[in-house]
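Quick notes on the structure that follows.
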Amino acid sequence: MDFVSCTPANHREAIVGLWKEAYAQYGCEKRSAVKVFDALPATLKEQATDIYNEVTFQRRRYGRADFYCWPIHSIFEKDLIDPWPASRYPKAVLLVEIAKRLTL
């Protein structure tokens, strides 16, 4: 599914479909997120980037070296997001997650 043939109401479905296709091709969540973000319309990219700049992060450490990173923003209150199992959340992954939530 691409964004040319969809309406704003089903952007989320289009993003999920693109991400599944990219993941099947690259086998990596980070690399596939970069490809999905590049395929998004410019307006959606701008909105997601603006929200990304407002996001703060909460990092917790479990055990000796296990970090989890939660992004904190009001956009994640309605539709929760899973933590990333590292000390930093990958920018492309978070941008795509934000873009998915912009259509709610």
| message | Would you confirm, using the coordinates I've provided, whether residue 97 is buried (at least 18 other Cβ atoms within 10 Å of the Cβ) and acidic (Asp, Glu)? | response | yes
Taking the stretch 21-42 and keeping residues in a helix (DSSP H, G or I), out of contact with any Ser or Thr (no Cβ under 9 Å at 6 or more places or on another chain) and without any contact (Cβ under 8 Å) to a residue 60 or more places away in the chain leaves 31, 32, 34, 35, 38, 39, 42
Looking across the stretch 74-104 at residues that are acidic (Asp, Glu) and assigned to a helix (DSSP H, G or I), the single one that is farthest from residue 41 (Cα to Cα) is 77
Residue 81 passes all but one of the listed conditions (1) within 11 Å of the chain's Cα centre (by Cα); (2) farther than 22 Å from residue 32 by Cβ; the exception is number (2)
By residue number, the members of the stretch 40-89 that are surrounded by 16 or more Cβ atoms within 10 Å (Cβ to Cβ) and among the small types (Gly, Ala, Ser) are 48
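Residues that are aliphatic (A, V, I, L, M), assigned to a loop (DSSP other than H, G, I, E, B), modelled with pLDDT of 90 or more and out of contact with any helix residue (DSSP H, G or I) (no Cβ under 6 Å at 6 or more places or on another chain): does the stretch 43-58 have at least one?
Looking through the stretch 43-58, at least one residue is aliphatic (A, V, I, L, M), assigned to a loop (DSSP other than H, G, I, E, B), modelled with pLDDT of 90 or more and out of contact with any helix residue (DSSP H, G or I) (no Cβ under 6 Å at 6 or more places or on another chain).
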When (1) over 15 Å from the mean Cα position of the chain (by Cα); (2) surrounded by 11 or more Cβ atoms within 10 Å (Cβ to Cβ); (3) without any contact (Cβ under 8 Å) to a residue 24 or more places away in the chain are applied to residue 14, the one that fails is (1)
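The values are calculated or read from the model by the stated rules, or taken from the named source; none is laboratory data. Owing to the predicted nature of the structure, the values given are computational and were not obtained by experimental measurement. A quick note on method: Cβ atoms are made from the backbone with ideal geometry, for glycine too, and the neighbour counts reach across all protein chains shown.
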